[in-house]
Amino acid sequence: MLRCPQCGSTDLYEELGGYGGFRYRCKQCGYTGSFVIESEEELPSPEAVVHEEGETHFTIPLWIKIVAVLFVLYLLLTLATL
C-alpha cells in the first residue's frame with residue numbers, strides 16, 4: 001500500500017514512470033514526487049494522531065549534544081590537571 005508522505009492518504013496515482021523511476025501525485029493534497037511510503041500494514045492517517053493541548057515536542061540537535069559532551073570533557077580534563 002502506498003501512502004502520501006505529506007497527508008498520509010492512500011489516494012495516489014502514477015504521474016510518470018519507466019526507466020527513470022516513478023513519480024506520484026496525491027489526489028488529496030496535491031503532493032508530487034517520487035518519495036512515497038510503502039507498507040504492508042494499515043497505518044493510521046496523520047489526522048488520527050491527536051496531541052494533547054499544550055504539549056510541545058522539542059528535540060536538541062545532535063551537533064549541540066556533541067559540542068556539550070566535548071565541552072564537559074574539556075572541563076574535566078582542565079580540572080584534573082590543576
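The values are calculated or read from the model by the stated rules, or taken from the named source; none is laboratory data. Predicted model only: the values in this text are computed from it and were never measured. A quick note on method: Cβ atoms are made from the backbone with ideal geometry, for glycine too, and the neighbour counts reach across all protein chains shown.
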Please specify each residue of segment 15-26 satisfying the condition of being at pLDDT 85 or above and more than 22 Å from Glu41 (Cβ to Cβ). Arg23, Arg25
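Considering segment 24-39 alone, what residues qualify as being surrounded by 15 or more Cβ atoms within 10 Å (Cβ to Cβ) and either touching a residue at least 40 places away in the same chain (Cβ under 8 Å) or in a strand (DSSP E or B) (or both)?
Here is the first cut: in segment 24-39, the residues surrounded by 15 or more Cβ atoms within 10 Å (Cβ to Cβ) are 24-26, 31, 36.
Listed by number, the residues that qualify are Tyr24, Arg25, Cys26.
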Among the candidates Leu73, Leu43, Leu77, Leu82, which residue alone is of a type in the set (A, V, I, L, M), modelled with pLDDT under 80 and over 19 Å from the mean Cα position of the chain (by Cα)? Leu82
Which number in (1) of a type outside the set (Gly, Ala, Ser); (2) in contact with a helix residue (DSSP H, G or I) (Cβ under 9 Å, 6 or more places away or on another chain); (3) at pLDDT 90 or above marks the one condition that Ile60 misses? (3)
